[in-house]
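Here the structure comes first, spelled out in structure tokens, and everything after it is commentary.
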Amino acid sequence: MTFTIPIDNGDALKNAEADSQRTLYPYVTGTSIVAIKYKDGVLMASDMGGSYGSTLRYKNIERMKAIGKHSLLGASGEISDFQEILRYLDELVLNDNMWDDGNSLGPKEVHNYLTRVMYNRRNKFNPLWNTLVLGGVKNGESYLGMVSMIGVSFEDNHVATGFGNHLARPILRDEWHADLSFEEGVKLLEKCMRVLLYRDRSAINKLQIAKITEEGVTVSQPYSLKTFWEFKAFNNPTAGAEGSW
Amino acid sequence: MDLNLDAPHSMGTTIIGVTYNGGVVLGADSRTSTGMYVANRASDKITQLTDNAADSQVVSDYVRYFLHQHTIQLGQPATVKVSANLIRMLAYNNKNMLQTGLIVGGWDKYEGGKIYGIPLGGTVVEQPFAIGGSGSSYLYGFFDQAWKENMTKEEAEQLVVKAVSLAIARDGASGGVVRTVIINSEGVTRNFYPGDKLQLWHEELEPQNSLLDILNAAGPEPMAI
């Protein structure tokens, strides 16, 4: 149910903005999501931060959620839009269950639905300001895909959003291979998340790793990663050149 | 249009919501400014929670209307979560027009005391405590250090009063009196802490009636040459 406070933007013939609303910019945002396929399914990592501009305002936001029985959705970008997408998906899954026909929506179907939603909103110049990562397993087949706020959609063996595109992807390209074990997968994701922690200003040190297999979804408890600062060069970096940094 | 995406919008106020062992305490300053002028130095910003006076009045009026209907249909008082979600519905669907960050706090028999923060954009975040408004910038560090779980009602209210008072000390857009509202199973209690009864902070002096009183109290001292 939506309720829009009636507003008068003016005469729709003369005023270009009359009768239209659009999302102009995001307010509370989540940073990167990193996800990989592994032996038993898909692993996804995200931190629990919600930034408000440059302020790290919220530190307990879950940005990965289970969708139905077979999918896991991670989101970066505007959190209120992610919450709205979860409502749409709730309705989708509810209707799917009501058929009561033994069938349930798989990750491919959910990904397709999200792609259509995101692209249609983009066409109306009122995007849902998110980049979504959709992972899942159905009938033994793993699936991992991504949709951006402008409707760009694709599948791959490993995906990353936001800063993760620049920092995590190169690591994944080098070190991902088929049939990673759970331990190898978690270590790989943690490697990416640590780099993001060092280099992404909006990252916080409180993350969760979610796993989806044929059995279902588990989202880990929140935890923090150790960081390393003991390089000798960090100790007195300007010794040889006073005034530099 | 110059979009400085790193500068969150500030709203002239300080608002706080804190849960304690048994309910919630809400607090706010009382200054409403139009530009540099203080239009109202004793406003009440806690009416189902307000900060930007115009927008949040509209939102809270609509929510009150929906909540009344809901209560009639349900046959019992609405839960805090329902109120938060109604506000979310309005805040999210009108995100382009509304410039209001809200804190929703209350008590219901199912979940006890709850605080929901609803910043610009319409995100809903359930929190053990929430701060908002331009004055809140000065309080993040304070709460990081001073907050603890399971406070008593008195500790919680003192924390809120201290925090709003600290924000008033540094935020030009906040000022006046500190109003608090305590909500628990017993009901709603409103309190009022006038500006001159608050603790003094750094570089603040004890208020006097006149310089003359100071001069007369200590004997006149020879002026240093």
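Rule-based calculations on the coordinates, nothing more; no lab input. This is a predicted model, so every value here is computed, not measured. So basically every Cβ, Gly included, is an ideal-geometry build from the backbone, and we count neighbours across all protein chains shown.
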- Apart from one, (1) assigned to a helix (DSSP H, G or I); (2) within 14 Å of chain A (Cβ to nearest Cβ); (3) surrounded by 22 or more Cβ atoms within 10 Å (Cβ to Cβ) all hold for B:VAL160; the odd one out is (2)
- Message: Take A:LYS232 and tell me if it is over 21 Å from the mean Cα position of the chain (by Cα), without any contact (Cβ under 8 Å) to a residue 12 or more places away in the chain and within 18 Å of A:ASP47 (Cα to Cα).
- Response: no
- Message: Whether any residue in region A:199-219 is without any contact (Cβ under 8 Å) to a residue 60 or more places away in the chain and part of a loop (DSSP other than H, G, I, E, B) is what I want to check.
- Response: yes
- Task: Give the residue, chosen from A:SER51, A:SER80, A:SER76, that is within 12 Å of chain B (Cβ to nearest Cβ), in a strand (DSSP E or B) and on the phi < 0 side of the Ramachandran plot.
- Result: A:SER51
- Query: For residues in region A:76-102 being in contact (Cβ under 8 Å) with a residue 24 or more places away in the chain and of a type outside the set (A, V, I, L, M, F, W, C), which is farthest from B:LEU120 (Cα to Cα)?
  - Reply: A:ASP96
- Message: Restricting to region A:155-180, give me the number of residues that are part of a loop (DSSP other than H, G, I, E, B) and without any contact (Cβ under 8 Å) to a residue 12 or more places away in the chain.
- Response: 1
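Restricting to region A:54-73, name every residue that is more than 19 Å from A:LEU207 (Cβ to Cβ), in a strand (DSSP E or B) and within 10 Å of chain B (Cβ to nearest Cβ).
Keep residues of region A:54-73 that are more than 19 Å from A:LEU207 (Cβ to Cβ), which gives A:54-55, A:67-71.
So of that shortlist, the ones also in a strand (DSSP E or B) come out as A:55, A:67, A:71.
Answer for region A:54-73, where residues must be more than 19 Å from A:LEU207 (Cβ to Cβ), in a strand (DSSP E or B) and within 10 Å of chain B (Cβ to nearest Cβ): just A:THR55.
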- Enumeration of residues in region B:100-145 that are assigned to a loop (DSSP other than H, G, I, E, B), at the interface with chain A (Cβ under 10 Å from one of its Cβ atoms) and farther than 20 Å from A:SER80 by Cβ: B:PRO128
- Message: Of everything in region A:140-154, what is touching a residue at least 12 places away in the same chain (Cβ under 8 Å) and either more than 14 Å from the chain's Cα centre (by Cα) or assigned to a loop (DSSP other than H, G, I, E, B) (or both)? Give them in sequence order.
- Response: A:GLY140, A:SER142, A:TYR143, A:SER148, A:MET149, A:ILE150, A:GLY151
- Note on the structure: Checked against (1) in a loop (DSSP other than H, G, I, E, B); (2) within 11 Å of chain A (Cβ to nearest Cβ), B:TYR65 satisfies every condition except (1)
- Query: For region A:132-155, how many residues meet the condition of being β-branched (Val, Ile, Thr) and under 16 Å from A:PRO107 (Cα atoms)?
  - Reply: 3
